[in-house]
Amino acid sequence: QVQLVESGGGLVQAGGSLRLSCAASGSIFGANAMGWYRQAPGKQRELVATITTSGRTNYADSVKGRFTISRDNAKMTVTLQMNSLKPEDTAVYYCNVKRIPGVYNYWGQGTQVTVSS
């Protein structure tokens, strides 16, 4: 069984920073992508950023230049550094790990990020 545990969410004013971390445990194998998705109230879940085992990154256009994703393959952790936060970044952020291709797809419980004006 795979478990993903997120931490680092909270309340911050616009322009501030937060760092989200996700620790994975269990039987994770092969090439995979770890990353973050978010869901705001009344909206669909959307990609924020992902990073593969080999280090390839993918960012949503809305966060490019502001967010940075990184991972530690030995510890199986993924971190999202969020700078210059905007109110529209407010959402529940979910950690994800996905086999490439397919096979498995795991989610954390989510952590709330709230950015005030």
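The values are calculated or read from the model by the stated rules, or taken from the named source; none is laboratory data. Note that the structure is a prediction, hence the values are computed from the model and not measured. Cβ sites come from the backbone with ideal geometry, for glycine too, and all protein chains shown count toward neighbours. When the accessible area is computed, the model is the full protein with side chains, heavy atoms only, and any ligands, DNA or RNA have been set aside. Shrake-Rupley method; radii C 1.70, N 1.55, O 1.52, S 1.80 Å.
So which of Ser25, Ser116 ends up being at pLDDT below 95 and over 14 Å from the mean Cα position of the chain (by Cα)?
Going through Ser25, Ser116 in turn, the sole match is Ser25.
Looking at the range 1-11, which of the residues that are among the polar types (S, T, N, Q) and part of a strand (DSSP E or B) is surrounded by the fewest Cβ atoms within 10 Å (Cβ to Cβ)?
Gln3
All but one of (1) in a loop (DSSP other than H, G, I, E, B); (2) under 16 Å from Asp89 (Cα atoms); (3) out of contact with any helix residue (DSSP H, G or I) (no Cβ under 8 Å at 6 or more places or on another chain) hold for Phe29; state the number of the condition that does not hold.
In the conditions (1) in a loop (DSSP other than H, G, I, E, B); (2) under 16 Å from Asp89 (Cα atoms); (3) out of contact with any helix residue (DSSP H, G or I) (no Cβ under 8 Å at 6 or more places or on another chain), Phe29 misses (2) alone.
Among the residues in the range 63-79, are any on the phi > 0 side of the Ramachandran plot and at pLDDT 95 or above? Spell out the reasoning first.
If we filter the range 63-79 for residues that are on the phi > 0 side of the Ramachandran plot, which is where we start, we get 65, 76.
If we keep only those that are at pLDDT 95 or above as well, we get 65.
Among the residues of the range 63-79, at least one is on the phi > 0 side of the Ramachandran plot and at pLDDT 95 or above, which makes the answer yes.
For a quick check of your reading of the model, give me the residue pairs whose first member lies in the range 56-67 and is under 15 Å from Ser84 (Cα atoms), whose second is assigned to a loop (DSSP other than H, G, I, E, B), with beta-carbon atoms closer than 6 Å and at least 6 apart or on different chains.
Going by the 6 Å Cβ cut-off, the qualifying pairs are Arg66/Asn83; Arg66/Ser84.
Looking at the range 64-117 only, could you name the residues that are open to solvent by 30 Å² or more (accessible area, probe 1.4 Å), over 24 Å from Gly16 (Cβ atoms) and part of a strand (DSSP E or B)?
Residues satisfying the conditions are Asp72, Lys98, Arg99, Asn105, Tyr106, Trp107.
What is the residue count in the range 32-50 for residues that are assigned to a loop (DSSP other than H, G, I, E, B), of a type outside the set (Gly, Ala, Ser) and modelled with pLDDT of 95 or more?
3
Output the residue which, of all residues in the range 43-61 that are under 17 Å from Ala74 (Cα atoms) and open to solvent by 80 Å² or more (accessible area, probe 1.4 Å), is nearest to the chain's Cα centre (by Cα).
Applying the filter and picking the extreme gives Arg56.
Since Gly16 meets every condition but one in (1) in contact with a strand residue (DSSP E or B) (Cβ under 9 Å, 6 or more places away or on another chain); (2) closer than 23 Å to Pro101 by Cβ, which condition does it not meet?
(2)
If only one of Ala40, Ala14, Ala23, Ala31 is open to solvent by less than 30 Å² (accessible area, probe 1.4 Å) and of a type in the set (A, V, I, L, M, F, W, C), which one is it?
Ala40
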